[in-house]
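Report on the structure given below.
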Amino acid sequence: MARHGIEANRRLLAAVLVLVVAGNAAGAMIVEIVAGRLLAPYFGMSLHTWTTVIGVVLSGLAIGHWLGGRLADAYPENRAAALGLACLAGAVTTVLILPAVGLVAGSLSVAGVPLATATIVAGFAAFLIPSITAGLVQPMATTYALETMGAGAGRIVGRMLAAGVVGAILGTFLAGFVLIAYLGSAGSIWLVAAVNALLGAGLVTAARQRAAALALFAMASTVVVTGAALPGFAVPCDRESHYFCIGVFTGDERNLPDARMLRLDALTHSVNHPDPGYLAFTHLQWMDELVYRRFDTAPFTAFFIGGGGYTLPRTWLARNPDTAITVAELDPEVTAIAEAALWFEPGPQTRILHTDARLALRRDLRDQRFDVIVGDAFRDIALPPHLITDEFHALVESRLTADGFYVLNIIDAVAARRLIGSVVETLRPHFSVIEVWYDSAAYQTAQHINFIVYAASRPTGLESPLDARTAPATRWERLRPEAMIDVPGAVFLTDDFTPVERLLVR
C-alpha cells in the first residue's frame, strides 16, 4: 500500500514537472512574439526586428539551459525549491521587460543611433536576461524528474523535451491569435509573469517552504495587480491590433494643431487636416495634382494598396462623392480609427477590403479595372516585399484600364537610391513609361525622402519643375531618366528575392 502511494506521488510529481516545463516554454514563446511588438513603436517591424528577437531569445535560452544544468547539480538536496526560485526569477525578469524596452529603445531612438544597431542593442538589453531565466527551468525540471522516477531515463528526457516543444507551440498560437489581440503586449507580459509566479510559489510550497512561498506569492501578486498602472510598465499605443501598435496624435509637431496624425508602429502614416483638400504629405499632394489634371471633378475608379488614415480617398471623395474607390487595408482597426478620429467618411461607391492588397487584386477584384492604382503601403520602415515584385507588377498592369496609371510611394536614400532603382527596374517589363518625382526642398535637405513613381502607357504630361496649385506650397521635380539606369546596388525584384531591408540600410 505504501509502495502504491509512493508510486502515485511519483506520477503526480512527474505530471507537475511536465506542466511546469510546458508552461515555462509557452511563456518564453509568448515573450518572443510580443518582443517584436514591443520594439515596433521605436524601430518598426522589419526583418531586422525579428532577426534580433529570435537571435536574442535563442541566445538566452542556450545560456539558461547550460546554467540550469549546473544549478541542478549544485543543489541536489532541494530541487523543488531551486526550481521554484527559477520560476520566480522568470516572473521578475519578465515584468522588467516593459520598463527596459521603454528606457533603452526610447533612448537609442532619440539619440539617433543607426537603426540596425539600435535594434540589436535594445533587443539584448530587454530580452536576454528574461530568456536566460526561462532557459533555467527545463534542465532543472528534467534532472528532478530523473532523480525522482529513477528508471526509464530515455522516456523521461523525451517526455520533458516534448513538453517544452508542445508548450512553445501553444504559447506561439496563443500570443499570435489571442493574447495580443485581447490583452495587448503589456497584458501578455503580465500574464506570463503571473503564470511564472504561480508555478514558482507552488514549487516552493511543495518544498515545504510554505512561509517563503506565501511571502513570495504575495509580493508577486502585488506587483502583477498594481504594476500595470506604474509609469514605464505600459506600451505607447492608443490601441493594439493584430498588426500594429496604433496611436493618434495632434498635429502640433508639424505646426498643424487642428490636424490629427496616425502612427502605426514607428512611422507616422497619415496627417489628416479638417480641410480634406489640405495634404500635409507632399507625395500625396503630387498624386492629387496628377489626378486633378487628368479627371478634374469627374468621377473615376481608384484602387488603394493600403488605407492608413484614408487621407487621399477622403480628398477625392470630397471633390466628387461618386468616385468609385476601393481600398485594401489589412487591419480593420486602422479603418475604424480613420472613421472615428480622422474624419474619413466612405462614399456611396466606396469599397473597403480588409485583406492583403495582392490577394484582393488576384481574387476579389479579378474582373475589375481601375483608372488609378495607388501604392502607399509602407507599414513601418519598409514596404511589404510581396507588393513590389515583378509578379505583383504584372498583376497591377492587368487590373488597369487602357489609359490607367500606377503611382506608388517609395521612401529611399537620396544618394544611393537602391530601392527606387530596383523598383523602377522591376516595373520596366510591364510599363512603357516610368517617371520618378520628388519634393525639391526635401531632396536638398534630407537623407531619405519620398519618391513618387509613375508607371503607365503614356507620360504624365506634367512639366518639371511643377508648383503645387494648393497649400502647402510645394515644388516637385522629375528625376532625369538616365539617373534610374544601372543604379549601383539595384536588383530585379521577384517573389524569390526582394531584399528590401538591405536596399534601404547602408
ask   = How large is ³J(HN,Hα) for each residue in segment 268-277, as worked out from phi by the Karplus curve 6.51 cos²θ - 1.76 cosθ + 1.60 (θ = phi - 60°), to whole Hz, x for Gly and Pro?
value = 6, 8, 8, 10, 9, 9, x, 7, x, x
request  = Calculate one ³J(HN,Hα) per residue across segment 438-449 by plugging θ = phi - 60° into the Karplus curve 6.51 cos²θ - 1.76 cosθ + 1.60, and present them in order as whole Hz with x for glycine and proline.
outcome  = 8, 6, 4, 5, 5, 4, 7, 10, 10, 7, 10, 9
key: Ranking of 310, 144 by count of other Cβ atoms within 10 Å, fewest first   = 144, 310
ask   = Taking N as the number of residues in the chain, what is its alpha-carbon radius of gyration divided by 2.2 N^0.38 Å?
value = 1.17
ask   = Which Cys residues of the chain have no other Cys beta carbon under 4.7 Å away?
value = 87
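Between residue 147 and residue 169, 0.36 nm times their residue separation minus their Cα-Cα distance comes to what?
5.2 nm
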note = Neighbour-count ranking for 87, 237, 245 (other C-beta within 10 angstrom, fewest to most) reads 237, 245, 87
inquiry  = Could you tell me how far the Cα centroid of segment 332-409 sits from the Cα centroid of segment 421-498, in Å?
reply    = 19 Å
request  = Give me the distance in nm between label points sitting 7 Å out from Cα along the Cα-to-Cβ direction at residue 51 and residue 471, one decimal.
outcome  = 4.5 nm
task = Can you figure out the FRET efficiency of residue 433 with residue 182, using R₀ = 41 Å and their beta-carbon distance, to the nearest 0.05?
result = 0.25
task = Return the distance in nm (one decimal) between the two label points of a simple spin-label model at residue 252 and residue 496, each offset 7 Å from Cα along Cα→Cβ.
result = 5.3 nm
ask   = So if R0 is 22 Å, what FRET efficiency would residue 457 and residue 368 give, r being the distance between their Cβ atoms, rounded to the nearest 0.05?
value = 0.75
ask   = Local charge sum around residue 493 (other residues, Cβ-Cβ under 14 Å, Lys/Arg +1, Asp/Glu -1)?
value = -3
query = Given 0.36 nm per residue, what is the gain on full extension from residue 482 to residue 351 after removing their alpha carbon distance, in nm?
reply = 43.2 nm
Beta bridges per DSSP with both ends in the chain, % antiparallel, nearest 5 = 65 percent
message = For segment 259-320 and segment 110-167, what is the centre-to-centre distance using only Cα atoms, to the nearest Å?
response = 48 Å
query = Hey, rough spin-label estimate for residue 296 and residue 402, points 7 angstrom out along Cα→Cβ, what's it come to in nanometres?
reply = 2.2 nm
Cut-off 18 Å (backbone N to label point 7 Å along Cα→Cβ of residue 117), residues of segment 47-70 = 48-49, 52
query = What's the FRET efficiency of residue 318 with residue 238 using the Cβ-Cβ distance as r and R₀ = 30 Å, to the nearest 0.05?
reply = 0.70
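Computed from the coordinates by the stated procedures, all read-outs in this text should not be read as laboratory data. None of the values given here were measured: they were computed from a predicted structure. Neighbour counts run over all protein chains shown; Cβ positions are idealised from the backbone, glycine included.
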